[in-house]
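Asks: I'd like to ask some things about the structure below.
The values are calculated or read from the model by the stated rules, or taken from the named source; none is laboratory data. None of the values given here were measured: they were computed from a predicted structure. Glycine gets a Cβ as well: all are built from the backbone with ideal geometry, and neighbour counts include every protein chain shown.
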Amino acid sequence: MIDSAILRSDPDRIRESQRRRGEDVSIVDRLIEADKHSREARQRFDELRNEQKVLSKQIGPLQGQLKKADDDAKPGLQSDLDELMARAQDLADRVKAAEIDADEAAAAADALGREVANLVDPTSPVGGEEDFVVLEHVGTPREFSTEGFEPKDHLELGEALGAIDVERGAKVSGSRFFYLTGPGAELEFALLGLAMEHARRNGLIPVITPALVLPSAMDGTGFLGQAADHVYRIESDDLYLVGTSEVPLAALHSDEILEADDLPRRYAGWSSCFRREAGSHGKDTRGIIRVHQFDKVEMFVFCDPADAEAEHANLLAWEKQFLDALELPYRVIDVATGDLGASAAKKFDIEAWIPTQGAYREVTSTSNTTEYQARRLKIRMRKDGHTAPLATLNGTLCAMPRIIVALLENHQQADGSVSIPTALQPYLGGRSVL
């Protein structure tokens, strides 16, 4: 949610952000009008409420005078009191109507305001999904031809190893579900152990989060706008299955005030994640790159807005260290404005090299959402005796299926076995090969 002070003092800043995102600029004018109407309606209510208080102060003493007055004075006082009481009743009706109008106007302005995406960072490249900027390449993709064999894709390798079973996943749950079996399951548990230890060493608190959340949590993090089509909803209970533990982690401190001295607060949450992947039919239907259910370790930070840029750099560095430990070639990209998502002001993706696709594919992402989510979730910090929204940031440390895809394909051997990176071996009983 955008700071109302910016809307009132610098609406062109919001217009420019909308333009950079390729989104509706006219909504800013509608929001200005809605905000103006809301403030005017609230002012009318306040004025009538003050008038009501003044009138109440007149009625009390007059009632006292009437009780003490002699018979000659009572008729006149009673007439004055009746007039005041009639005015009070009329005013009460007007106050009630004004309060309803003010509440409705505020709700309308709030609803419209929630449709406006976060202000983009001016350093983010402008454009759509393909307009990202490559910041760096790390590692060199293997030349399998020089090694004398053609690489197999992750599904062929996984099936041969008894690690991945998509046929039975489809039989039981439908398309884009899968089983990890034997070495596949062990590999996921090993990745979870390595990821959580990596997070712990960097000062993040491990958390196992709920997989079901209330609408307020989903909306507060911005996942009921652009991303609503990707969300699973359980209508009978009015609950949502999370697509990332970012949602329950962000809502962890909703409606709370955190002391600035206790910031930053850094968490690493594990959860199963559920995504409908609406609109992505036909993309990555083979294997486990794009699936409806997967496990993920997500980092999340609450901090002073002044420290948000530094915390964003930390999250990216921790993601890179994890990919380095897995000995995977990758690139880091600065995501373009049209591909940020509603909550993010700036986002970096890490894309691992997938040999059989001859392409880099996203495996981690980290976003600076500035104060946007905190305002929606009413999370504030207390600093120097004052309260203000804080900043939130998120970063994927390990999305299990895609990391498994990258590991299998990049570390495969000519005989169909897969080498295990040194950092992962202790979590697999010391084994160096699957």
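Asks: Considering only residues that are in contact (Cβ under 8 Å) with a residue 12 or more places away in the chain and part of a loop (DSSP other than H, G, I, E, B), look in segment 414-434 and name the one that is nearest to L180 (Cα to Cα).
Replies: Going through the qualifying residues, I end up with L434.
Asks: Check R233, R200 and return the single one that is at pLDDT 95 or above, under 24 Å from the mean Cα position of the chain (by Cα) and among the charged types (D, E, K, R).
Replies: R200
Conditions tested, residue by residue: (1) of a type in the set (D, E); (2) touching a Phe, Trp or Tyr at 6+ places or on another chain (Cβ under 8 Å).
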residue	(1), (2)
E186	yes, no
A199	no, yes
V207	no, yes
D237	yes, no
R265	no, yes
W270	no, no
D284	yes, no
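Asks: So for segment 38-46 (the condition being of a type in the set (A, V, I, L, M, F, W, C) and at pLDDT 90 or above), does at least one residue qualify?
Replies: Yes: one or more hits.
Asks: Scan segment 95-111 and tell me whether some residue there is among the aliphatic types (A, V, I, L, M) and within 30 Å of C273 (Cα to Cα). So that I can check it myself, show each step before the final result.
Replies: Residues of segment 95-111 that are among the aliphatic types (A, V, I, L, M), as a first pass: 95, 97-98, 100, 102, 105-109, 111.
Restricting the remaining residues to those that are within 30 Å of C273 (Cα to Cα) gives 111.
Checking segment 95-111: at least one residue is among the aliphatic types (A, V, I, L, M) and within 30 Å of C273 (Cα to Cα).
Asks: How many of the residues making up segment 215-246 are in contact (Cβ under 8 Å) with a residue 24 or more places away in the chain and within 18 Å of M1 (Cβ to Cβ)?
Replies: 13
Asks: Do you know which residues across segment 128-166 are surrounded by 16 or more Cβ atoms within 10 Å (Cβ to Cβ) and either on the phi > 0 side of the Ramachandran plot or without any contact (Cβ under 8 Å) to a residue 40 or more places away in the chain (or both)?
Replies: Once the filter is applied, which keeps residues that are surrounded by 16 or more Cβ atoms within 10 Å (Cβ to Cβ) and either on the phi > 0 side of the Ramachandran plot or without any contact (Cβ under 8 Å) to a residue 40 or more places away in the chain (or both), segment 128-166 yields E156, E159, D165.
Asks: What helices (runs of 4 or more DSSP H) completely inside segment 149-250 contain at least 3 residues that are over 30 Å from E327 (Cβ atoms)?
Replies: Result: 166-173, 215-220.
Asks: When you scan segment 266-285, do you find a residue that is in contact (Cβ under 8 Å) with a residue 40 or more places away in the chain, crowded, with 18+ Cβ neighbours inside 10 Å and in a helix (DSSP H, G or I), even just one?
Replies: For segment 266-285, residues in contact (Cβ under 8 Å) with a residue 40 or more places away in the chain, crowded, with 18+ Cβ neighbours inside 10 Å and in a helix (DSSP H, G or I): absent.
Okay, residues lined up against (1) buried (at least 19 other Cβ atoms within 10 Å of the Cβ); (2) more than 14 Å from the chain's Cα centre (by Cα); (3) closer than 30 Å to T181 by Cβ; (4) not assigned by TED's automatic domain parsing to the domain that holds F302:
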position: T337; (1), (2), (3), (4): yes, yes, no, no
position: Y360; (1), (2), (3), (4): yes, yes, yes, no
position: N368; (1), (2), (3), (4): yes, no, no, no
position: V405; (1), (2), (3), (4): yes, yes, yes, no
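Asks: In segment 376-398, which residues are buried (at least 22 other Cβ atoms within 10 Å of the Cβ) and not β-branched (V, I, T)?
Replies: Answer for segment 376-398, where residues must be buried (at least 22 other Cβ atoms within 10 Å of the Cβ) and not β-branched (V, I, T): R376, L377, M381, L390, A391, L393, N394, G395, L397, C398.
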